[in-house]
Amino acid sequence: MAGLVRYEDDFLELYEKNPKKIIAYCAGKCFENNYNKLPRIECVCDKNTKLTGCRINGIRVCAPEELSGYDEEIYIVVFTYSSDVFWEIYEQICGYGISAQVLCIQDNIAFADLYTGKIKSYKKNYFAESYTVNLVCGDKGWILRKFADRMEQGLKEKGIRVFVSENTRQDVDINHHIQGGYYRPYCNDTLMITHLDDCKKLAVLKKQLKTARMGICMSRETLETLKTCGIPAWKLCYINPAHDAVIKPKKYTIGITHRCYDTYDVRKRADALIDIVEDIDSNYFRFLIMGSGWESVIGKLRERGFEVQYYDSFDYDVYVEMMQDIDYFLYTGFDEGSMGYLDALAAGAGTIVTPQGFHLDADCDIDYPCRTVGQFRQAFMDLQKKRKRKADSVREWTWQNYVDKHIEIWDYILMRKDLGQLFQNQLRYQDGIYSTLVEHNKV
């Protein structure tokens, strides 16, 4: 039964470990140019009957039907540059019922030098030239397919002709493999590298990068790890992944659980809340308030855009549920302490309270001890900055930027831009083209 030799299974290594007769197939130009890359060839099969019985470079030409006479295990190396021709021949070989391992010479890592003649480049007329990209993705699931779909959309918006296929294409300038596990090279291939968690995957990647033009990691850490494993720095870069930019920062839920008293009783300092939230962004905070007398304060909060959920009377069941929901408990009064503070601690919530009374006796530090409006405001501002800092850390990790960084890599590979043009965004980010150019310039 005929079986396939995969791209990563180096034919010359296989032969060295298990020598068998080698039969060549197709006596054309590819054979004439590359037959000397193999060990001793028994014969070469060709459908052209005029060649049958002749010798090419001393190697006998026979009809394909003669293969059926082999009752021993053999290697069959198909000499063709066309994947379609190879698969047609492979199906024919399977019909002979022989025991053979079959490979296409231009699709095996042992003959990586065959790919060097396929590199396309554009040295002139950059603005007049357009190019095509094939996103190779066999995944039908969520994550990898999402990468393919988002990149397809982004490339089309840039005016680049793009395909999404399960296999490499010969009619494009770039074949970008989204996750290179099924990499079958053709021309100017780039590989998305998600992760490497065992030595076998690393060995496969090393072989793939003998023909692929660039391995594109998802992080600086993976890039640095691969360099220490012996992969050339100029064959690696990293581009951080993107997100859909539809998730907004979660608002802190601030809990208040006391009632307001008349104007002359200032122990709770309820009106101070209006001054506290001055200059605070309502996109980062919402309030859960339980207790009577808050109507006027709540009205002003809502005018400033704050979301407020209000309970004007005490309901124990609602109270218990509410305390489980808050992120921070707020208390501005100076009257020994708030009983809600105890329940907030029991719920593991943060605290923004006055440092007085039994607030000080719990074996837990107050997160934000405050005595003045300015200190309370600073507590809110600090929380806002922390959440904003997290959101801002990936604010530029958009799909369009992700696509743009790939385009820069491909422009570099295709020589469509000189280094001066490629360095124009150097101060905006460190990944993408810069993560390989810097290392390349060190060599």
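The values are calculated or read from the model by the stated rules, or taken from the named source; none is laboratory data. Since this is a predicted model, take the numbers as computed values, not measurements. Cβ sites come from the backbone with ideal geometry, for glycine too, and all protein chains shown count toward neighbours. Side chains included, ligands, DNA and RNA excluded: accessible areas come from the protein's heavy atoms. Shrake-Rupley method; radii C 1.70, N 1.55, O 1.52, S 1.80 Å.
If you keep only loop residues by DSSP, which trypsin sites (Lys or Arg not before Pro) in the stretch 162-262 have at most 12 other Cβ atoms within 10 Å of their Cβ?
On the way: sites: R169, K200, K201, K206, K207, K210, R213, R220, K227, K235, K250, K251, R259; in loops: R169, K210, R213, K250, K251, R259.
Sites meeting the loop and neighbour criteria: K250.
Quick one: grab Rg to one decimal and Dmax as a whole number for the chain, Cα atoms only, in Å.
Computed over the Cα atoms of the chain, radius of gyration and Dmax are 34.0, 115 Å.
How big is the stretch 1-43 in terms of Cα radius of gyration and Dmax, in angstroms?
Values for the stretch 1-43 (Cα only, Rg and Dmax): 11.2, 29 Å.
For the chain, which longest stretch is free of loop sites, where a loop site is one of the chymotrypsin sites (Phe, Trp or Tyr not before Pro) that DSSP puts outside H, G, I, E and B and that has at most 10 other Cβ atoms within 10 Å?
265-443
Which Rg and Dmax, in Å, describe the Cα atoms of the stretch 1-93?
12.7, 36
Please calculate how many Å² of accessible area the chain carries per residue, with a 1.4 Å probe and no DNA, RNA or ligand atoms counted. The partial results should precede the final answer.
Numbers: 22680 Å² over 443 residues.
Per-residue value: 51 Å².
For the stretch 45-118, which trypsin sites (Lys or Arg not before Pro) are both in a DSSP coil and crowded by at most 14 other Cβ atoms within 10 Å?
Details: sites: K47, K50, R55, R60, K118; in loops: K47, K50.
When the trypsin sites (Lys or Arg not before Pro) of the stretch 45-118 are filtered for loop state and at most 14 Cβ neighbours within 10 Å, K47, K50 remain.
Length gain on complete extension for the stretch D9 to A346, per 0.36 nm per residue less the alpha carbon to alpha carbon distance?
Working: separation 337, 0.36 × 337 = 121.32 nm, distance 6.08 nm.
Full extension of this stretch gives 115.2 nm more.
Thinking of the stretch 167-280 as a set of Cα atoms, what percent of all their pairs are more than 24 Å apart? Each step should come with its number before you reach the end.
Numbers: 3302 of 6441 pairs.
Result for the distance tail: 51 percent.
DSSP beta bridges in the chain, what fraction antiparallel, as a percent rounded to 5? Provide the component values of the computation, followed by the final result.
Values: 3 of 58 bridges.
Rounded to the nearest five, the antiparallel share is 5 percent.
Just need the Rg to Rh number for the stretch 238-390, please, alpha carbons only, Kirkwood Rh. Spell out each step's value before the answer.
Working: Rg = 16.2 Å, Rh = 16.2 Å.
That ratio equals 0.99.
Among D281, D363, D343, which one moves the most in a GNM of the chain with springs linking Cα atoms closer than 10 Å?
Maximum among the listed residues: D363.
Excluding E152 itself, calculate the net charge of residues whose Cβ lies under 12 Å from the Cβ of E152, where each Lys or Arg counts +1 and each Asp or Glu counts -1.
On the way: positive: R145, K146, R150, K156, K158, R161; negative: D149, E157.
After counting each charged neighbour, the total is +4.
So if each residue of separation counts as 0.36 nm, and I subtract the Cα-Cα distance between E336 and S82, what length gain in nm does that give? Each step should come with its number before you reach the end.
On the way: separation 254, 0.36 × 254 = 91.44 nm, distance 8.51 nm.
Full-extension gain reported as 82.9 nm.
Taking the convex hull of the alpha carbon atoms in the stretch 144-192, what volume per residue do you get, in Å³?
Working: hull volume 3.5 nm³, N = 49.
Enclosed volume per residue, from the Cα hull, is 71 Å³.
Got a sec? What order do T49, T222, T190 fall in by accessible area at 1.4 Å, biggest, i.e. largest, first?
Values: T49 110, T222 30, T190 0 Å².
Ranked from most to least accessible, the order is T49, T222, T190.
In whole percent, how big is the carbon plus sulfur part of the accessible area of the chain, probe 1.4 Å, protein atoms only?
Working: 11130 of 22680 Å².
Carbon and sulfur together cover 49 percent of it.
For a quick check of your reading of the filter: which trypsin sites (Lys or Arg not before Pro) in the stretch 358-410 sit in a DSSP loop and have no more than 12 other Cβ atoms within 10 Å?
Numbers: sites: R371, R377, K385, K386, R387, K388, R389, K390, R395, K405; in loops: R371, R395.
Taking the stretch 358-410 and a limit of 12 other Cβ atoms within 10 Å, the loop trypsin sites (Lys or Arg not before Pro) found are R371, R395.
What residues qualify as long-range amide H neighbours of T351, i.e. H under 5 Å apart, gap of 5 or more or another chain, H built at 1.01 Å from N?
Answer set, sorted by chain and number: F329, D367, Y368.
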